[in-house]
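> First the structure, which I've put down as structure tokens, then a few questions once you've had a look.
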Amino acid sequence: MNQRVAIYPGTFDPLTNGHLSIIKRALKIFDKLVIAILINPHKSPLFTLEERISMLKEIFKNEVNIEIDSFNGLLIDYAVNKGANIVVRGLRALSDFEYEFQMALMNRKLNRDIQSVFLMTDYKWFYISSTIIKEAARCGGDIKGLVPPIVNEKLKQKFGFNKGV
Ligand code: PNS
């Protein structure tokens with residue numbers, strides 16, 4: 001049987017419940033989802049690649065249809081190497097649209113065999129992003145319920161609100 005393998009690429013610094021919702025819904029459409037963290041030398045993430053991989057592995061340890069991986073270079077080349085022809089991205093407000101549209105069109109120009117599929121975020125996660133979560137957590141804000149528990153713990157540790165845990 002031909003498996004429908006989709007790539008869900010991103011920075012995931014860190015993963016939020018918005019990402020989680022997209023992942024759960026993508027799994028209802030595709031047989032396998034590869035969550036692929038971009039190794040981006042131009043960005044200085046809060047969490048190292050290893051930290052992000054280990055959080056994702058912990059969160060999805062019981063999900064047999066999810067693979068956690070990282071990549072550098074072009075997303076479409078990575079997708080081809082993984083035997084996938086679908087890229088999943090989540091869409092929030094209007095602000096996401098322009099960037100996503102541009103990226104999807106560039107990816108399509110580079111490889112017409114790869115299809116970009118967009119899932120609308122749930123209204124509950126409409127206003128959250130990794131960036132705003134980090135900002136709130138940095139200032140000691142309570143972000144429980146907006147990120148998986150392990151991410152909440154790691155953010156508290158990073159910002160010194162949970163010393164000794
Ligand atoms: O979570 P993000 O930061 O919005 O994810 C962006 C990501 C990783 C999907 C995007 O930057 C990407 O695919 N980068 C790899 C290089 C690439 O193929 N770019 C698109 C065509 S130029």
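The values are calculated or read from the model by the stated rules, or taken from the named source; none is laboratory data. Since this is a predicted model, take the numbers as computed values, not measurements. All Cβ positions, even for glycine, are placed from backbone atoms using ideal geometry, and neighbour counts span all protein chains on display. Keep in mind that these areas ignore ligands, DNA and RNA; they rest on the heavy atoms of the full protein, side chains included. Shrake-Rupley method; radii C 1.70, N 1.55, O 1.52, S 1.80 Å.
> At a 1.4 Å probe, what is the % contribution of carbon and sulfur to the accessible area of region 1-95? Intermediate results must be reported in sequence, preceding the final value.
Numbers: 2420 of 4940 Å².
Here it works out to 49 percent.
> What accessible area per residue comes out for region 1-112, rounded to a whole number of Å², with a 1.4 Å probe?
Numbers: 6400 Å² over 112 residues.
Averaged over the residues of region 1-112, the accessible area is 57 Å².
> Can you give me the Cα centroid spacing of region 114-150 and region 53-91 in angstrom?
19 Å
> For Arg92, what accessible area in Å² do you get when you roll a 1.4 Å probe over the heavy atoms of the protein chains, rounding to the nearest 10?
My reading of the accessible area for Arg92 is about 80 Å².
> Under 16 Å Cα-Cα from Lys57, which lysines qualify once same-chain neighbours fewer than 8 residues away are excluded?
Within the straight-line cut-off, Lys57 pairs with Lys24, Lys32, Lys154.
> Here is a follow-up. Using heavy-atom solvent-accessible surface (probe 1.4 Å) with all chains present, what is the largest-first order of Lys134, Lys156, Lys57, Lys144?
Numbers: Lys134 35, Lys156 75, Lys57 115, Lys144 160 Å².
From most exposed to least exposed: Lys144, Lys57, Lys156, Lys134.
> Quick one: Karplus J couplings for region 15-25, per residue in order, coefficients 6.51, -1.76, 1.60, θ = phi - 60°, nearest Hz, x for Gly and Pro?
Calculated HN-Hα couplings, in order: 5, 10, 5, x, 4, 4, 5, 5, 4, 4, 6 Hz.
> Search the structure for amide H atoms under 5 Å from the amide H of Ile7, placed 1.01 Å from N in the peptide plane, and list their residues when 5 or more places away or on another chain.
So Ile7 has HN proximity to Val34, Ile86, Val87, Val88.
> Okay, moving on. What are the semi-axes of the equivalent ellipsoid of region 60-120, taken as the square roots of 5 times the eigenvalues of the Cα gyration tensor, listed largest first and rounded to whole Å?
Numbers: eigenvalues 88, 59, 19 Å².
Values for region 60-120, descending: 21, 17, 10 Å.
> So what is the 222 nm mean residue ellipticity for the chain from helices alone, if each DSSP H run of at least 4 adds -39500 (n - 2.57) and you divide by all residues, rounding to the nearest 500 deg cm²/dmol?
Values: 6 runs with 68 residues, N = 165.
Helices in the chain give a 222 nm mean residue ellipticity of -12500 deg cm²/dmol.
> Right, another one. Whole-Hz Karplus ³J(HN,Hα) for region 125-138, in order, using 6.51 cos²θ - 1.76 cosθ + 1.60 and θ = phi - 60°, x for Gly and Pro?
With coefficients 6.51, -1.76 and 1.60, one gets 10, 4, 9, 9, 8, 4, 5, 6, 5, 5, 5, 5, 5, 4 Hz.
> Could I ask something else about it? Which three lengths, in whole Å and largest first, does region 1-71 cover when its Cα atoms are put on their principal axes?
If we take the Cα atoms of region 1-71, the spans are 40, 20, 18 Å.
> Using the C-alpha gyration tensor of the chain, what are the square roots of 5 times its eigenvalues, in whole angstrom, with the largest one first? The partial results should precede the final answer.
On the way: eigenvalues 147, 58, 48 Å².
After diagonalising the Cα gyration tensor, the semi-axes are 27, 17, 16 Å.
> Ignoring everything but the protein chains, give the 1.4 Å probe accessible area of Tyr127 in square angstrom, nearest 10.
140 Å²
> Contour minus end-to-end for Arg112 and Gln3, with contour as 0.36 nm per residue of separation and end-to-end as the Cα-Cα distance?
On the way: separation 109, 0.36 × 109 = 39.24 nm, distance 1.95 nm.
Extra length from Arg112 to Gln3 when fully extended: 37.3 nm.
> Nothing charged except the Cβ atoms of Lys and Arg (+1) and of Asp and Glu (-1): what's the magnitude of the dipole of the chain about its Cα centre? Round to the nearest 20 debye.
Working: 23 positive and 17 negative charges, 39 e Å.
Taking the Cα centre of the chain as origin, the dipole is about 180 debye.
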